[in-house]
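Visitor: Take this structure, written in structure tokens, and hold onto it; I'll ask about it next.
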Amino acid sequence: MGVDHYENFPVASLLLPAALRPPVQAIYRFARHADDIADEGDDDAPTRLAKLAALGRQLDAIEAGAPNDWPLLAQAVEAHRLPVSLLRDLLSAFSQDVEVTRYDSYASLLDYCRRSANPIGRLLLCLFGRQSSGLLSQSDAICSGLQLVNFWQDIAIDWAKGRVYLPREELARFGVDEAQIASGAMNEPWSNLVSAQVERARAMLLSGAPLGQTLGGRIGWELRLVVQGGLRIAEKIDAARGDVYRHRPILGKADWAVMAARALRM
């Protein structure tokens, strides 16, 4: 299991109530399509941005009740009163992916997570009619925590794409530079750097974890399993002392058994 941007929460699985599967699918397809525009294929940056802007105009049409190319998403927005602003946040993050490849501070990185990951959790809570400030905060912690785990899991992959999500302030704090990211050289400063980032993500996941018990039922169980997936990846990064170049963590069958047992106790 990789912790992917738009699989931070379950996507139309059998554990979701049947009535909610179509709107969840519609949200997922929109997010996945927009993410692919920003990150896949051979388009240049101006073309990617133009396509994302065109998607933004589709959201304008949905909000206005006008004809659009996303009828299932429009139906979900109308039927469940989904905030279109959250979908615009996603597009904002995707556009940032096209133009921004470095982050100076953790604050700027978390602002990216606020727009790239957190909207999915908030949209799903809206579908379930559970939108108290406390639950939204827990959802945000889980989504951002999973996003961060994904970043630290994919340091080498992102470098190959020309991106570095490790904030410059953290690189400086631990005495690591981009040349070391490029080389994949392992030493104590690197291990300490990655360990600190993983611990921050772990703390966020654990702070949001009670949401699974609060929601209860099948969705609560799946959410607890998703959180355990992020925690298990974090555990594997720590076990490799941050060497995600030669030991990129993935989850196998044995890990799923561990995750399920831990989710039952969570």
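The values are calculated or read from the model by the stated rules, or taken from the named source; none is laboratory data. Please read these numbers as outputs of a predicted model, since none were measured by experiment. Please note: Cβ atoms are built from the backbone with ideal geometry, for glycine as well, and neighbour counts cover all protein chains shown. With ligands, DNA and RNA removed, areas are computed over all heavy atoms of the protein, side chains included. Shrake-Rupley method; radii C 1.70, N 1.55, O 1.52, S 1.80 Å.
Visitor: Binning at 5 Å from 0, report for the stretch 164-266 what percent of all alpha-carbon pair distances ends up in each bin.
Guide: Here the calculated profile for the stretch 164-266 is 2, 12, 20, 19, 16, 11, 10, 7, 3, 0.
Visitor: Could I ask something else about it? With a 1.4 Å probe and all protein chains left in place, how much accessible area per residue does the stretch 138-257 have, in Å²?
Guide: Numbers: 4790 Å² over 120 residues.
Accessible surface, normalised per residue, equals 40 Å².
Visitor: Excluding residues fewer than 8 places away in the same chain, name every one of the lysines whose C-alpha is closer than 29 Å to that of LYS161.
Guide: By straight Cα distance, LYS161 reaches LYS51, LYS236.
Visitor: GNM, the chain, Cα, under 10 Å: largest mean-square fluctuation among ARG88, ARG173, ARG224?
Guide: Greatest mean-square fluctuation among the candidates belongs to ARG173.
Visitor: Report the label-to-label distance for ARG130 and LEU20 in nanometres (one decimal), using points 7 Å from each Cα along the Cα→Cβ vector.
Guide: Each label point lies 7 Å from its Cα, and together they span 0.7 nm.
Visitor: Something else now. Under a Cβ-Cβ cut-off of 12 Å, what is the net charge of the residues other than ALA196 that fall near it, where Lys and Arg count +1 and Asp and Glu count -1?
Guide: Residues near ALA196 contribute -1 overall.
Visitor: Let me ask another. Using a 1.4 Å probe on the protein heavy atoms only, what accessible surface does VAL258 show? Give it in Å² to the nearest 10.
Guide: 50 Å²
Visitor: How would ARG202, ARG241 rank on accessible area, largest to smallest, probe 1.4 Å?
Guide: The ranking, largest first, comes out as ARG241, ARG202.
Visitor: I've got another one for you. Provide the per-residue ³J(HN,Hα) series for the stretch 81-96, in order, calculated from phi with Karplus coefficients 6.51, -1.76, 1.60 and θ = phi - 60°, each as a whole number of Hz, with x at glycine and proline positions.
Guide: Coupling constants for the stretch 81-96: 6, 6, x, 5, 4, 5, 5, 5, 4, 4, 4, 4, 5, 5, 4, 5 Hz.
Visitor: Could you estimate the translational diffusion coefficient of the chain from the Stokes-Einstein equation, with Rh from the Kirkwood formula over C-alpha pairs, at 20 °C and 1.002 mPa s, in whole µm²/s?
Guide: Rounded, D is 112 µm²/s.
Visitor: Under a crude label model (7 Å from the Cα following the beta-carbon direction), how far is LYS253 from GLU188 in nanometres?
Guide: Placing both labels 7 Å along Cα→Cβ, they lie 4.2 nm apart.
Visitor: Ignoring ligands, DNA and RNA, what percent of the accessible area of the chain is carbon or sulfur (1.4 Å)?
Guide: On the way: 6220 of 11590 Å².
In the chain, the share of accessible area belonging to carbon and sulfur is 54 percent.
Visitor: Could you tell me which trypsin sites (Lys or Arg not before Pro) in the stretch 16-83 are loop residues by DSSP with no more than 11 other beta carbons within 10 angstrom of their beta carbon?
Guide: Taking the stretch 16-83 and a limit of 11 other Cβ atoms within 10 Å, the loop trypsin sites (Lys or Arg not before Pro) found are ARG81.
Visitor: Taking θ = phi - 60°, what integer Hz values does the Karplus form 6.51 cos²θ - 1.76 cosθ + 1.60 yield along the stretch 198-206, in sequence order, with x for Gly and Pro?
Guide: 5, 5, 5, 5, 4, 4, 5, 4, 5
Visitor: Return the ratio Rg/(2.2 N^0.38 Å) for the stretch 61-160, where Rg is computed over Cα atoms only.
Guide: Against the compact-globule rule of thumb, the ratio is 1.21.
Visitor: If R₀ is 30 angstrom, what is the calculated FRET efficiency for the pair ALA156 and ASP44, using the beta carbon separation as r and rounding to 0.05?
Guide: After rounding to 0.05, the efficiency reads 0.75.
Visitor: Out of ASN68, PRO210, GLY162, whose Cα points farthest toward the positive end of the dipole of the chain (charges: +1 Lys, Arg; -1 Asp, Glu; placed on Cβ)?
Guide: The residue sitting farthest along the positive end of the dipole is PRO210.
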